[in-house]
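Comments concern the structure below.
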Amino acid sequence: MSRTGCSDEKAFRPLKIAVLTVSDSRTRANDTSGDTLQALLQEDGHELVERELVPDNIFRLRAVVSVWIADENVDCVLITGGTGVTGRDNTPEAIAPLLVRDIPGFGELFRYFSLEEIGTSTIQSRAFGGVANATLVFGLPGSTGACRTAWNRILKAQLDNRTTPCNFVSLLPRLNEH
């Protein structure tokens with residue numbers, strides 16, 4: 001086992017991941033956060049199955065994510081943007097009704113790691129994680145640095161089936177159990 005808590009004995013299982021950028025000001029040409037998430041997940045061996053950009057609109061955001069969580073070809077949805085505290089930051093409110101289970105530790109851990117980078121400004125982040133229809137859903141701040149922090153410090157390991165003692169990949173088949 002390596003120092004990172006990954007067992008090299010298992011074969012890596014790539015996930016099918018969709019990336020959504022929520023922004024009123026970005027376009028695909030300047031979506032550095034979406035570009036960063038796409039590059040990081042692909043560098044680590046995962047497959048990008050969908051990528052979109054929508055304005056800060058609760059219903060358009062919810063519509064895109066609803067399609068993805070209903071698609072058996074999507075294991076995980078990464079959303080960047082709309083997690084702040086202004087009136088246009090609606091990502092948590094848009095996605096909350098879709099989640100059947102919250103993963104509060106994701107947001108807590110993200111803010112803990114962000115404290116080292118941006119100090120107490122991390123309190124303004126409403127980063128979140130949850131499960132919807134056996135699909136993992138994570139909401140990240142819209143900054144490129146925040147996306148790197150979330151991926152490198154949390155998601156990279158938890159979306160790797162070789163991470164021990166546990167990871168989200170091993171739970172995917174059981175997320176819809178009753």
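The values are calculated or read from the model by the stated rules, or taken from the named source; none is laboratory data. Remember, it's a predicted structure, so these values are computed and weren't measured experimentally. Reconstructed Cβ throughout: ideal geometry from the backbone, glycine too, with neighbour counts over all protein chains shown.
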Of the conditions (1) modelled with pLDDT of 95 or more; (2) surrounded by fewer than 17 Cβ atoms within 10 Å (Cβ to Cβ); (3) within 29 Å of GLU9 (Cα to Cα), TRP151 fails just one. Which one is it? (2)
It is to be established whether one or more residues within the range 40-62 are of a type in the set (Phe, Trp, Tyr) and surrounded by 13 or more Cβ atoms within 10 Å (Cβ to Cβ). no
Which residues, taken from the range 154-172, are closer than 15 Å to GLU43 by Cα and either among the polar types (S, T, N, Q) or in contact with a helix residue (DSSP H, G or I) (Cβ under 9 Å, 6 or more places away or on another chain) (or both)? LEU155, LYS156, LEU159, ASP160
What do you reckon, is THR83 farther than 20 Å from LEU15 by Cβ and buried (at least 21 other Cβ atoms within 10 Å of the Cβ)? yes
Determine, yes or no, whether GLY82 is in a loop (DSSP other than H, G, I, E, B), over 15 Å from ALA132 (Cα atoms) and in contact with a Pro (Cβ under 9 Å, 6 or more places away or on another chain). yes
Take the residues in the range 157-171 that are in a helix (DSSP H, G or I) and under 15 Å from the mean Cα position of the chain (by Cα), then tell me which one is surrounded by the fewest Cβ atoms within 10 Å (Cβ to Cβ). ALA157
In the range 96-117, how many residues are loosely packed, with under 14 Cβ neighbours inside 10 Å and of a type in the set (Val, Ile, Thr)? 1
Looking at this structure, is GLU93 charged (D, E, K, R), in a helix (DSSP H, G or I) and surrounded by fewer than 17 Cβ atoms within 10 Å (Cβ to Cβ)? yes
